Amino acid sequence: MGYTQHMQQPEPSSLGVEGGARLLSRADWGARMPKSVEHFEGPAPYVIIHHSYMPAACFSTPDCMKSMRDMQDFHQLERGWNDIGYSFGIGGDGMIYTGRGFNVIGAHAPKYNDKSVGIVLIGDWRTELPPKQMLDAARNLIAFGVFKGYIDPAYKLLGHKQVRETECPGGRLFQEISTWPHFNNGIRFNATTEQPPQGQALPVVPKV
């Protein structure tokens, strides 16, 4: 389980799964160094899908790189988090952008940050379906994670709104992922019961 966000990848690399999705390193998109890095033992039993809402959808690699930097700025500088919250980002260019990476505790889903891979599809997917290259890249990333042992073969696939009060990942994208293998409809967020332990506050994140 040697993968971290410091994985050395001088050139974009193929994931080696059907579709040939390409994984870009943090250095490729100009990530700032994390304030700290906390790992969890893999393989991750959950995969959680998000949309960014803002930034809006990007379709060129330079624009998607900027979107990753913008999200990191918001999470790290404005929210005060250690790093960009997500494990990976997916751009409209069909590229996969390394965020915190596999087996690194994220900041994207309370109670699941230390046991999940958080994948954000850049854009607002409330009413529109992400283009095929984005959906394919997300599925390829999950398959790669399973193949390499970073994701449990019996993983449960969830939308963000199943674990907190939010519209994320957007209604149309949620409808799409509900047709994917391993989607688990049995987990539902309940605002009356899903309260943090006494003295522990939930991290503040945008509702979308």
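Laboratory data are not the source of any read-out in this text; all were calculated from the coordinates shown. Predicted model only: the values in this text are computed from it and were never measured. Here the Cβ is made from the backbone with ideal geometry for all residues, glycine too, and neighbour counts use every protein chain on show.
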Exercise. Rounded, prolate or oblate: which one fits segment 41-187, using the alpha carbon gyration tensor with axes a ≥ b ≥ c (rounded when a/c is under 1.5, else prolate when a/b beats b/c, else oblate)?
Worked result: rounded
Seminar exercise, completed: Among K35/K115; K111/K156; K35/K111; K66/K148; K115/K161; K132/K161, the pairs whose Cα-Cα distance exceeds 24 Å are K66/K148
Exercise. Based on DSSP, what percent of beta bridges with both residues in segment 41-187 are antiparallel, to the nearest 5?
Worked result: 15 percent
Exercise. With Cβ to Cβ distances under 13 Å as the rule, what net charge do the other residues near K115 carry (K, R +1; D, E -1)?
Worked result: -2
